[in-house]
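What follows is one structure encoded as structure tokens, with my remarks underneath.
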Amino acid sequence: QVQLVESGGGLVQPGGSLRLSCTAFGIVFRIWDMGWYRQAPGKQRELVAIISNSGSQNYADFVKGRFTISRDTAKNTVYLQMNNLQPEDTADYFCTAHSASSDFWGKGTLVSVSS
């Protein structure tokens, strides 16, 4: 059974930082592309960042220079380091594992940015 378990969300003040983690169970982690999406209240889910199985990274324009995605194959874990968080970053953040034939999603972790 495939499971993606996110952690690391919480409440942070504007300008603060958080690091999200997503640990994968039930997949051969090293062959999957991994990503982070987010969904704010009343908005559609949107891509934040992806990292391929070879380590190539792509980011949404609104997080470039602030967020960094990385992966640790030994721990079956993908990370999202988020710096200089702003209120508009408030959302549920979801981890995803992607291949040519399948996609799996975590249940999400809430990030709230407020003073």
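The values are calculated or read from the model by the stated rules, or taken from the named source; none is laboratory data. Note that the structure is a prediction, hence the values are computed from the model and not measured. Every residue, glycine as well, gets a Cβ built from its backbone with ideal geometry; the counts of neighbours run over all protein chains shown. All accessible areas refer to the heavy atoms of the entire protein, side chains included, with ligands and DNA or RNA removed. Shrake-Rupley method; radii C 1.70, N 1.55, O 1.52, S 1.80 Å.
Table for the structure above
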{"quantity": "Single residue of the stretch 1-12 satisfying the filter (part of a loop (DSSP other than H, G, I, E, B) and not small (Gly, Ala, Ser)) that is modelled with the lowest pLDDT", "calculated": "1"}
{"quantity": "All positions within the stretch 13-40 that are in contact (Cβ under 8 Å) with a residue 24 or more places away in the chain, farther than 22 Å from residue 114 by Cβ and in a loop (DSSP other than H, G, I, E, B)", "calculated": "26, 27, 32"}
{"quantity": "Members of the stretch 83-113 that are among the aromatic types (Phe, Trp, Tyr) and more than 25 Å from residue 14 (Cα to Cα)", "calculated": "104, 105"}
{"quantity": "Residues that are open to solvent by less than 20 Å² (accessible area, probe 1.4 Å) and either in a loop (DSSP other than H, G, I, E, B) or not hydroxyl-bearing (Ser, Thr, Tyr) (or both), drawn from the stretch 95-111", "calculated": "95, 97, 106, 111"}
{"quantity": "Failed criterion for residue 10 (all others in (1) under 18 Å from residue 113 (Cα atoms); (2) open to solvent by 50 Å² or more (accessible area, probe 1.4 Å); (3) of a type in the set (Gly, Ala, Ser) hold)", "calculated": "(2)"}
{"quantity": "Considering residues of the stretch 61-89 that are open to solvent by less than 40 Å² (accessible area, probe 1.4 Å) and closer than 13 Å to residue 18 by Cα only, the residue farthest from the chain's Cα centre (by Cα)", "calculated": "85"}
{"quantity": "Those residues of the stretch 22-60 which are open to solvent by 50 Å² or more (accessible area, probe 1.4 Å), under 14 Å from residue 96 (Cβ atoms) and touching a helix residue (DSSP H, G or I) at 6+ places or on another chain (Cβ under 8 Å), in sequence order", "calculated": "53"}
